[in-house]
Structure formats: C-alpha cells, structure tokens
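Worksheet: one structure, shown below.
Values in this text are rule-based calculations from the coordinates and carry no lab data. Predicted model only: the values in this text are computed from it and were never measured. Here the Cβ positions follow ideal geometry from the backbone for every residue, glycine too, while neighbour counts run over all protein chains shown.
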Amino acid sequence: MAPRPSPRLASALLAIVLGTLVWSGIAPIERYTWMLEIAPVVIGAPLAIVSFANFPLTRTLMLAIASYSVVLLIGGHYTYAAAPPGEWLRDALSLDRNHYDRFGHVLQGLVPALLGRELLLRKTDMRAGGWLLLVGTALGLGTSALYEILEWPAALGASALTGEGSQQFLEAQGDLFDTQKDMLLALAGALFGQLFLARFQDRDLRGGGPMPRMNSPR
C-alpha cells in the first residue's frame, strides 16, 4: 500500500516550514538553545525532500510533521518558556506557567507514532490492529524518553557555553516533575494519533479507498 503523491501539499508545507525556519533564526532569544531546538527540523527536512520521489508520505503524516516543525521553530526562537501562544493561554486561563512546551511534547509522541505506523504498514506485513498500536505507542514514548536523556548533555553544553542556556533549554520552569509530565503527554499524543488520526492515515494509504484489514491482537 502506498499513498498518492501530493506534490502541491508537500511544496506548500515545505515553504511554510522553511519560511518559519528563516524567521526563527533571526535574532532568537538564545542562539545555542535555538540550534538545539531546531535540530530535528534541520535533519528531517532534507530527508523528507530526498525521499519524496520514491517514498511520499501520506497527507496526514505530512501535516503532522509540518505542524510539529513549526512548533519547534517557534519554541526555538522565543524559548518555550516565553513563546507567545503559551503566554496568551496563561493569561487567558490564569495559569501558573507557560504551557507551550506541553503541546510540543504531545506532538513529540504523536509524530513518531504515526511515522512508525506508516513505515510498518508500507514496509512490513504488519496490519492495523492491537500489535501495531502497541509498537506505535512504544515508538512515541521511546522517542520522548530518548529526548529527555539527550537533554542532559545538551543542557550541560549550553551551560558551559552560555552560562544561562541550560535552564532555557530544559524549560522545567520550576516544575519538579516536568520530565514525567512531558513523557505522559508524549504517551497521550501517541495514543491520540493512532486512535483518532490513524483512520485518515489509512484512507490516505488506500488512496481514499477502503480501510486496511484489521489484525486481532494475539
């Protein structure tokens, strides 16, 4: 199974992401933190461009990846603790912190889960069902855990280079259980993506045709 290529959508999303990348790099709050935050975009965008001709992604996955990229780029420019969308929400709801990073962690679980799901459906004999849900959830949660681990040396490097970048990159905002909450939100994102967005991904994979046959979990 393979989706119909969507070059117009892919080009539009790429233009949005690249335009946001350029804007994000203009006088960010902290340059080292910005470089760390945008790394997934800088690595992923060329891979998506090179692979598009032979392995175009579904519309659903492209939209999810582009949305996550924009969230990362905005967070990198302002730092997550000072991102305007989170500031507006905090003021409107009288919250105790900027929760923009929480939304990013939901997408951090959702995007790897949908990406892994699509790769498995297209490249292996695995079908939609309980086992695929389990593997996709593990990919989303595992990506979040890996990111939290990598934050450790990255924050130490930021501290050594800037003296202030470690706190800006970690974005704990004084929350003792920030890491656990981030991973919980990534888990929620992975489950949401597979339980509510997978139907659109499946339709894309079938070119608008019938849904893939389900495997019963064993």
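For the reader, a short list of remarks on this structure follows.
- The range 1-41, residues that are part of a loop (DSSP other than H, G, I, E, B) and out of contact with any His (no Cβ under 6 Å at 6 or more places or on another chain): Met1, Ala2, Pro3, Arg4, Pro5, Ser6, Gly25, Ile26, Ala27, Ile29, Glu30
- Neighbours by Cβ (under 7 Å, 6+ apart or cross-chain): first from the range 64-79, among the hydrophobic types (A, V, I, L, M, F, W, C); second part of a loop (DSSP other than H, G, I, E, B): Ile74/Ala83
- Applying the set (1) within 29 Å of Ala27 (Cβ to Cβ); (2) assigned to a helix (DSSP H, G or I) to Leu95 leaves exactly one unmet item: (2).
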